[in-house]
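Nothing in this text is a laboratory measurement; each read-out follows from the coordinates by a stated rule. Treat the numbers as computed from the prediction; the structure is a model and nothing was measured. Note that each Cβ is placed from the backbone with ideal geometry, even for glycine, and that neighbours are counted across all protein chains shown.
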Amino acid sequence: MITVSQSNGDEPISSCTPKRLYEALWGFLVDYAIRFTLNEEDAEDIVSTVFVKLLNTKRTFPTFLDAKAYLCVSVRNACFDYLAKAKKDKKRSAQFSYFESNLVDDELLALHKTSISDQHLQKVMSTLSAENRFFLDCCLDKSLSMAEVAAKTGHTVKGAYNKKSLLLKDLRNELTKYRH
């Protein structure tokens with residue numbers, strides 16, 4: 001239980017039970033976290049995590065203001081951790097996306113250089129399911145990032161990369177039959 005003890009050593013202030021702290025500070029802390037994350041859902045997740053950690057520590061505070069200050073610092077630090085992770089993930093994703101888009105260009109260039117006609121390419125593409133054709137069309141659309149392709153086609157980003165790789169491999173294998 002989270003308690004806030006009075007300076008004179010009396011019983012803990014009952015108005016600062018975990019439930020009351022949660023009720024009194026939830027909205028304030030979510031608004032505070034939104035300033036960092038710019039996303040309400042992520043802010044709510046961060047504040048929830050901070051409250052869970054607080055419940056697990058069974059920490060005591062001398063006053064309500066001390067509890068509020070502790071929670072504000074905890075939320076701020078959790079937001080910083082969230083932003084650092086998001087920045088790292090975004091950088092990794094951007095590098096992978098750039099690398100992957102160059103691979104698609106290289107795949108198409110390689111297919112073109114093997115003197116495979118458009119007719120053969122269309123023939124092989126027609127054997128794909130409508131879902132796989134739509135997926136490849138989305139992948140080849142330069143205006144869409146892989147995250148957007150994943151969202152549009154109902155995959156995770158990693159799943160979309162894997163599916164794209166497998167489909168291109170299958171296309172390449174099928175097209176080898178038509179090389180001159």
Inter-label distance for Glu41 and Val73, nm, one decimal - labels placed 7 Å from Cα along Cα-to-Cβ: 3.2
Spatially proximal lysines relative to Lys152 (Cα-Cα < 27 Å; intrachain offsets below 8 disregarded): Lys85, Lys87, Lys88, Lys90, Lys91, Lys123, Lys142, Lys163, Lys164, Lys169
Label-to-label distance, nm, for residues given as Lys152 and Asp31 (7 Å Cα→Cβ offset): 3.9
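Given a Förster distance of 35 angstrom, what is the FRET efficiency for Lys19 paired with Asp81, based on the Cβ-Cβ distance and rounded to 0.05? Before the final figure, lay out each step's value.
On the way: r = 26 Å, r/R0 = 0.75.
Efficiency computed from Cβ-Cβ geometry: 0.85.
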